Amino acid sequence: MRRPRLPAWTATLTWKAAVFIAVMCCALAALLGVLVHVSVAGQTVKDSRDKALTRLGEVGRLYQAGEPLPRFAGVDPPGLPESLRALALRGESGTMVSEYEGRPTMWAAGPADGRALAVKVDYSQSADTIDRLDRSILGSSVLAIGATLLVGAFAVTRITRRLHATAQVAGRISAGDLDARVDDPRTKDPSRPQDEVAVVAGALDTMASSLQRKLQTEQRFTADVAHELRTPLTGLSAAAELLPEGRPSELVRDRVSAMRGLTEDLLEISRLDAGTERVDLDVHDLVSLAERVVRASAATSGTSTETRVLRAAAVETDKRRLERVLGNLVANAHKHGAPPVVLTVDGPVVTVRDHGAGYPAYLLASGPQRFRTESGGKGHGLGLTIAVGQAEVIGAELVFANAPAEEGGGAVARLTLPEYVRPAEGDPDTEGDPDTEGDAATEGDAAREGDADTEGDPDTERRTDRNHDKDG
């Protein structure tokens, strides 16, 4: 039998602390209540018993003297409990509480010439006293438990609120906000006593600061290396153009071009890491942009990409960055996948799919990683990294997946853009046609949008990138 799943709130520390406090208060109240009840009830019964036995002794003397017995006494009186009558007939004296005429009564009985001489004492007042005591104990216990729960919940909530704040900061750091800090005031003054939550908050802030310094150092190193390589590579490229035609000179030019492409990719990644990129938003027809990327890919690498349009849509985006993302996805599909490569436009969603072995497991689990590729082909693993970074800049969602085997398998990259809703007819904002955007673009401009693994003409690609986005 499957165990029922408890609601999520039952796992919170506040709820657990409240239950623990409530259980402990109930147990303590019950223990104290029982002790007080037993003590008071025992003392009350003892006083009534002593009173009844004292009266029984007085009545016994009257009986021995042959004097009339008072109204509360008698020989074998009606209502006398049978167990107490049997005790008196055996020659012993005793007491017992029982109901008599609807009222609690304390009986005391003793032997008298083979019969039972008994007296009765009204016990209703003592019983009422015990009942009132029990009700007072119950009411006091409820009030005490309620007050304790309120105070305990307030104290625990203060702790859990600080824990939630620490968890939120940790989430922001894991999402990339390295400036996030808990800044618990208890950690500012070393002489001030710190609880466990303050220690955790201080450790998280210290870790975030250390991580931020290391990442910034790495980013500066990457940018500095790429900048320093630019000058000698430019000279090397110019020198390579002076070499006589032949196979050796072609190899030199090819390697120099690849090195320049890698350098520009590193510069682009360093700018994305720094978070200084600014977008140039405008309304564009997504189908036209997709077809433009496909034509540029065919012109630069000679590859063929099938374009399918399920539903046309206009999007408000940065055209250059969007073409960069789509170009990298198409180039990656051709380079590391298998034909046919299909680019599908379905409203604001663009899907690029090949029919190869699919994305590796590490990429599906944690996204693209720099300088890591398992396809065996050429490349530095920067193309998809740049695609992810540029997609984030333009506010698009890029998801990587593998198609099911029964559907032919292959890698699937799905880019979801915010769809542009056209204003009503007659609105001045409708002037102009997004389909006409970018008519003056050249093949060299489109070629820069290829995979960052530097197929095609990287010199033209990098020059265009620099014209659009200056280095810091």
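The values are calculated or read from the model by the stated rules, or taken from the named source; none is laboratory data. Keep in mind the model is a prediction, meaning the values are calculated, not measured. When we count neighbours, we look across all protein chains shown, and the Cβ atoms used for this are built from the backbone with ideal geometry, even at glycine. Accessible surface is based on the protein model in full, side chains and every heavy atom, while ligands, DNA and RNA are left aside. Shrake-Rupley method; radii C 1.70, N 1.55, O 1.52, S 1.80 Å.
Taking the stretch 32-80 on its own, what percent of its Cα-Cα pair distances exceed 19 Å? Could you put the intermediate results ahead of the total?
Numbers: 531 of 1176 pairs.
Taking all Cα-Cα pairs of the stretch 32-80, the fraction more than 19 Å apart is 45 percent.
From the phi angles alone, apply the Karplus equation (6.51, -1.76, 1.60; θ = phi - 60°) to the stretch 131-143 and give each ³J(HN,Hα) in whole Hz, x where the residue is Gly or Pro. Per residue, the Karplus-derived 3J(HN,Hα) values read 5, 4, 4, 5, 5, 5, 4, 5, x, 5, 5, 4, 4 Hz. In the stretch 1-159, Cα pairs under 8 Å separated by at least six residues give a relative contact order of 27 percent. Rounded to two decimals, the Cα-based Rg/Rh of the stretch 9-98, with Kirkwood Rh, is 1.39. With each label modelled as a point 7 angstrom along the Cα→C-beta vector, the R247-L69 pair spans 13.9 nm. Of D195, D205, D122, D265, the order by accessible heavy-atom surface (1.4 Å probe, DNA, RNA and ligands excluded), from most exposed downward, is D122, D195, D205, D265. For the stretch 110-202, the list of trypsin sites (Lys or Arg not before Pro) that fall in a loop by DSSP and count at most 11 other C-beta atoms within 10 angstrom reads K188. Extension gain, A155 to D122: 0.36 nm times the residue separation minus the Cα-Cα distance gives 6.8 nm.
Annotation for the stretch 30-66: trypsin sites (Lys or Arg not before Pro) lying in DSSP loop with at most 10 further Cβ atoms inside 10 Å of their Cβ do not exist. Applying the Karplus relation 6.51 cos²θ - 1.76 cosθ + 1.60 with θ = phi - 60° to the stretch 98-113 yields 3J(HN,Hα) values of 8, 7, 9, 6, x, 10, x, 9, 9, 9, 10, 9, x, x, 8, 6 Hz, where x marks Gly and Pro. For the stretch 202-231, applying the loop criterion from DSSP together with a ceiling of 12 other beta carbons within 10 Å to the trypsin sites (Lys or Arg not before Pro) yields no site. Full extension of the segment from L31 to W15, taken as 0.36 nm per residue of separation minus the current Cα-Cα distance, would add 3.3 nm.
Label-to-label distance for E99 and A41 is 1.8 nm, based on points extended 7 Å past Cα in the beta-carbon direction. Note on the stretch 151-205 and the stretch 270-345: Cα centroid distance 44 Å, given to the nearest whole angstrom. Spacing of the modelled spin labels on A403 and R192, each 7 Å from Cα toward Cβ, amounts to 6.0 nm.
Distances between placed amide hydrogens fall under 5 Å for T307 paired with L343, all partners being 5 or more residues away or on another chain.
Keeping every protein chain in place, order D131, D285 by accessible area at 1.4 Å, biggest value first, i.e. largest first.
On the way: D131 70, D285 20 Å².
Final ranking, largest accessible area leading: D131, D285.
Converting the Cα gyration tensor eigenvalues of the stretch 161-303 into ellipsoid dimensions via √(5λ) gives semi-axes, longest first, of 49, 23, 11 Å. The distance linking the stretch 232-269 with the stretch 387-404 is 31 Å (Cα centroid to Cα centroid, whole angstrom).
When only Cα pairs below 8 angstrom with a gap of at least 6 residues are kept, the stretch 265-344 shows a relative contact order of 37 percent.
In order along the stretch 298-309, phi translates into HN-Hα couplings of 5, 6, 8, 10, x, 8, 10, 10, 7, 10, 10, 10 Hz, rounded to whole numbers, per the Karplus curve 6.51 cos²θ - 1.76 cosθ + 1.60 with θ = phi - 60° and x for Gly and Pro. Of S136, S191, S270, S288, the residue with the largest accessible area leads and the full order is S191, S136, S288, S270 (1.4 Å probe).
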